[in-house]
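Structure record follows, encoded as structure tokens.
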Amino acid sequence: MGTENRKTNCLINEKSPYLLQHAYNPVDWYPWGKEAFEKARKENKPIFLSIGYSTCHWCHVMAHESFEDEEVAELMNRAFVCIKVDREERPDIDNLYMTICQIFLGRGGWPLSVIMTPKMKPFFAGTYIPKKSRLSQIGMLELVPKIEEIWARQNEEVIDSAEKITLTIQNMILESSGEEIWVQSKTSESSGEKIGEAIMNKAYDELLTSFDSEYGSFGRAPKFPTPHKIFFLLRYWKRSGNPEALNMVEFTLDNMYRGGIQDQLGSGFHRYSTDNMWIVPHFEKMLYDQALIAAAYTEAYQVTRKKIYKETAMRTMDYVLRDLTSIEGGFYCGEDADVEGEEGIYYLWTLEEIRSVLGIEESELIKKVFNLKEAGNCEEEVSDKKTGTNILYRNRPFDVLAAELKVSTDEIEWRIELDKEKLLEARNKRKRPLRDDKILTDWNGLMIAALAKGFQTFGEKKYLKVAEKAADFILKALYNPGKRLLHRYRDGEAGIFGTVDDYVFLIHGLLELYEAGFKLRYLKAALCLNRELLEHFWDPVHGGLFFTADDSESLIFRKKEFADTAIPSGNSVEMSNLLRLSRITADLELENTTEGLERAFSKLIQKTPSGYTQFLSALDFKLGPVYEVVIAGRQEAADTVYMLEELWTYFIPNKVLVFRPEGTDPEITTLAAYTKMQVLIEGKATAYVCRNYECQLPTTEVNEMLKMLNV
């Protein structure tokens, strides 16, 4: 039956694709807001809070089993006021209640299910809940009446318990972040100590201990790409010269690009692998993964010059340009795992389908290359039974396969690329997974940074052009200086106050973009955003940045995030931003601010440093040596272009780059006064290199510049 004849609930006017997916549920959903909480208070009902996102497989499963079911919906509507939240649209709410769930259960995930009082105080938390009880897991048909009865008969006890639970959790969060020290002392000086190079050695040792020497990455399945660990290990390798650090990077990246976690036909990476070997993914594709993974392969290419790393980085970025880029210029959130309720079906192949596209001979080649089986190589997650379908993945390099088939590697690569194009063309005729077309500021910032780095490293101007268009769109549609940065744009409407991640990831992207194209509007926007960030998110008592602004919606308590998760923590990225902005503008006060970040979280980092690798990458920058490079020249002149291309080619993570155009007082001198005297010598492009506040003689010779940079 079409949706036009079905009853809608209060989600029908929302912008989030995830909320709109539930607008026709028989559950009487409300969006997060005053109306729902007022209804709960007025009717004295608890709130059932369900948090998920549009590309989440198990969110779809729970929705189909329970939220689309009339029997379950009737129970929920009678017992609760039901609220739906898109975790991507409201990361502040998700961040808070996911922490509560993890404390309740010792784990977390989506869909997130929380039952709480009308005052937002939780007394039950879970993740996926089946319709009917099975084994030790209670189902919705049993849970809802049980909660309803407890709420009716023991109302005061439940409310009192929820109050106590909330207070306990709040204290646990304060304790886990080290803030109880601040509460006792009221002084930043005693909160924690500065940390040095020894903590980086400890983090490396922890990563080495957890490293999977058989398939790469750290720990066991499920395996998530963790690019921030790759970034740290590359910097640790450069600092220490330890070859094992680089080996861990290469071995992990090699297994990832060969695995089913990479879409071998259309490129881009799926969210995570359900197995140790990177073969069987959960099939959703997220923008933030593409951005961070592309950046990791780009940096690995700078270090190793391995052709496959360049190809993987560029194909990942090209996937985003092709499938996740809006007409306005922003980047969409991602693509679903499911098509019509079946996960991964868009990406899976039977050998019969392969043969119908390629014919017998080429199908045999593809069968060998991508490990395809007549009975299928893909198993049902629950039953472990073969499905008859295949995931495309590789387990050996092309040169090994070429030797086995007694042909050249070039011939193998050429044939495979041609076959992949035919298969992709055939796959494009299938019904595609749903695309979540929200545009989020924080994830766009990460993608802008990746594209800017891609332009610098690979010289592809399309990446710079697309990154600039995205940045211009975000700054126009989601930012008004003084009125603040917004988080979400969709269907012509921007909304929701930005979080710390929106600010710091966009600043990060703008800094990378400035160093790629040297347009001052991006540097000026980064400085403006950073001032607003420190004004509204900085904790002057305890140090560090809150996840939400001082005038954002009030939740039951205000949190800080410092450990890395699927994406790096905002506090860690801001550490890097502050250091870079300080060196670009010669504003030492910005670098001094990092002392507060360091002290606020040093005790946490010392406990498990491998959980804070993004912060340690920033610490690597701070410990130096740091290079400040000013290129004076005519931006389009051949000698300037050559000097910049050589500079961009190498892995020099601890540098800032400023371009000083010719002229008496170009605008850059108002932001970085020291550039006034850094002019062209004899009309030639000139490099001014300083290391740890000590400046070398300027040079017009590229090789001399590279010597100064120790590359």
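Readers should treat all values here as calculations from the given coordinates under stated rules, not as data from a laboratory. Everything numeric in this text was worked out from a predicted model, so none of it was measured. Positions of Cβ are backbone-derived with ideal geometry, glycine not excepted, and every protein chain shown enters the neighbour counts.
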From a point 7 Å beyond the Cα of residue 634 in the direction of its Cβ, which residues of region 672-690 have a backbone N at a distance under 14 Å? 680-686
Quote to one decimal, in nm, the extra length available between residue 623 and residue 407 on full extension: 0.36 nm per residue of separation minus the C-alpha distance between them. 72.7 nm
Taking R0 as 35 Å, what's the FRET efficiency between residue 606 and residue 214 from their Cβ-Cβ distance, rounded to 0.05? 0.70
Listed residue (67, 10, 22) projecting farthest to the positive dipole end of region 1-100, Cβ model: 10
Using a simple spin-label model with points 7 Å from Cα along the Cα→Cβ vector, what separation in nm is obtained for residue 71 and residue 201? 6.4 nm
Looking at the square roots a ≥ b ≥ c of the eigenvalues of the Cα gyration tensor of region 224-355, which shape do they give, rounded for a/c under 1.5, prolate if a/b is larger than b/c, or oblate? prolate
Report the extension gain between residue 693 and residue 13 in nm, rounded to one decimal, defined as 0.36 nm multiplied by the number of residues separating them, less their alpha carbon distance. 239.2 nm
About its Cα centre, what dipole magnitude does region 627-708 give when the only charges are +1 on Lys and Arg Cβ and -1 on Asp and Glu Cβ, stated in debye to the nearest 20? 200 debye
What are the ³J(HN,Hα) couplings of region 636-649, residue after residue, when phi is run through the Karplus curve with 6.51, -1.76, 1.60 and θ = phi - 60°? Round to Hz, x for glycine and proline. 8, 5, 4, 5, 5, 4, 4, 4, 5, 4, 5, 5, 5, 5
For the pair residue 476/residue 422, report the inter-label distance in nm, with labels modelled 7 Å from Cα in the Cβ direction. 4.4 nm
Taking H as built 1.01 Å from N, whose amide H comes closer than 5 Å to the amide H of residue 218, not counting residues under 5 places away? 212
Based on the alpha-carbon gyration tensor of region 443-485 and its eigenvalue square roots a ≥ b ≥ c, which shape applies: rounded if a/c is under 1.5, prolate if not and a/b is larger than b/c, or oblate? prolate
What is the magnitude of the charge dipole of the chain about its Cα centre, with +1 placed on the Cβ of each Lys and Arg, -1 on the Cβ of each Asp and Glu, and no other charges, expressed in debye to the nearest 20? 320 debye
Nearest 20 debye, what's the magnitude of the dipole of region 285-327 about its Cα centre given +1 on Lys and Arg Cβ and -1 on Asp and Glu Cβ? 220 debye
Label-to-label distance, nm, for residues given as residue 373 and residue 645 (7 Å Cα→Cβ offset): 4.9 nm
May I ask you to compute the full-extension gain from residue 553 to residue 328, defined as 0.36 nm times their residue separation minus their alpha-carbon distance, rounded to one decimal in nm? 78.1 nm
Answer label for percent of Cα pairs over 39 Å apart (calculated), chosen among [x] 37; [y] 34; [z] 41: [x]
Can you compute 3J(HN,Hα) from phi for each residue in region 273-284, using the Karplus curve 6.51 cos²θ - 1.76 cosθ + 1.60 with θ = phi - 60°, rounded to whole Hz and x for Gly and Pro? 9, 7, 10, 6, 8, 6, 8, 9, x, 7, 7, 5
Neighbour-count ranking for 250, 156, 411 (other C-beta within 10 angstrom, fewest to most) reads 156, 411, 250
Would you kindly enumerate the cysteines in the chain that have no other Cys beta-carbon under 4.7 Å from their beta-carbon? 10, 82, 101, 333, 378, 528
